[in-house]
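Chemist: I'd like to ask some things about the structure below.
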């Protein structure tokens, strides 16, 4: 173990999936939430799931928390998890990312050293839900919430941000499948197809 906490965001209404509970959807015969937890277990001493989608049967050994402010969105969810984190660095991911890479998450954690936040930039987009957040972000996040600046990247200019460019992660994930989210029926169909053609990147329990 390398002293990380992990925060899995499991909120939202999944309207584009007809209101399905994304965390409980099976891909490759494994629940999405279990796949995400499996990728994080080799790295994280503590795994926190924030949000109602964890359901009544969360994976063993995880802590399940409600959002500190109901309906507060992504920023509040990360803030909730980070406040509960026992370690200085928390790896933050969504519950709907079936192809997370443990080595890639570890690299992002390492690249956060000397910064408050390390975030990959893939195809020009900041991947705020596949990032390493330090507890030093908490005061700035709390201030943003107080001022109702609820967009997750709005507080970034006020912290030491390490942008992780594609060249720094391509060797571990050349297709950038780690950043695939299951948001639509088409995403789900693609993820299930891919799950049948590739092996998981985390050790079996």
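The values are calculated or read from the model by the stated rules, or taken from the named source; none is laboratory data. Note that the structure is predicted; figures quoted are calculated from it, not measured. Heads up, the Cβs are rebuilt from the backbone with ideal geometry, glycines too, and the neighbour counts pull from every protein chain shown.
Chemist: What tally of residues in the stretch 160-175 results from selecting those that are in contact with a strand residue (DSSP E or B) (Cβ under 8 Å, 6 or more places away or on another chain), surrounded by fewer than 17 Cβ atoms within 10 Å (Cβ to Cβ) and assigned to a loop (DSSP other than H, G, I, E, B)?
Modeler: Final tally of qualifying residues: 2.
Chemist: Limited to the stretch 193-204, what total is found for residues that are surrounded by fewer than 16 Cβ atoms within 10 Å (Cβ to Cβ) and either touching a helix residue (DSSP H, G or I) at 6+ places or on another chain (Cβ under 6 Å) or modelled with pLDDT of 90 or more (or both)?
Modeler: Number satisfying all stated conditions: 1.
Chemist: Go through the stretch 1-60 and report how many residues are outside any strand (DSSP E or B), under 20 Å from residue 103 (Cα atoms) and at pLDDT 90 or above.
Modeler: Residues that pass the stated criteria total 12.
Chemist: Let me ask you something else. Taking residue 151 and the conditions (1) touching a strand residue (DSSP E or B) at 6+ places or on another chain (Cβ under 7 Å); (2) at pLDDT below 95, which numbered condition does it fall short on, given that it satisfies the others?
Modeler: Result: residue 151 fails condition (1) only.
Chemist: For the stretch 101-121, how many residues meet the condition of being out of contact with any strand residue (DSSP E or B) (no Cβ under 6 Å at 6 or more places or on another chain) and either under 25 Å from residue 22 (Cα atoms) or in a loop (DSSP other than H, G, I, E, B) (or both)?
Modeler: The number of residues fulfilling the criteria is 7.
Chemist: Where residues in the stretch 77-95 are in a helix (DSSP H, G or I) and crowded, with 21+ Cβ neighbours inside 10 Å, which of them is nearest to the chain's Cα centre (by Cα)?
Modeler: Within the stretch 77-95, the match that is nearest to the chain's Cα centre (by Cα) is 78.
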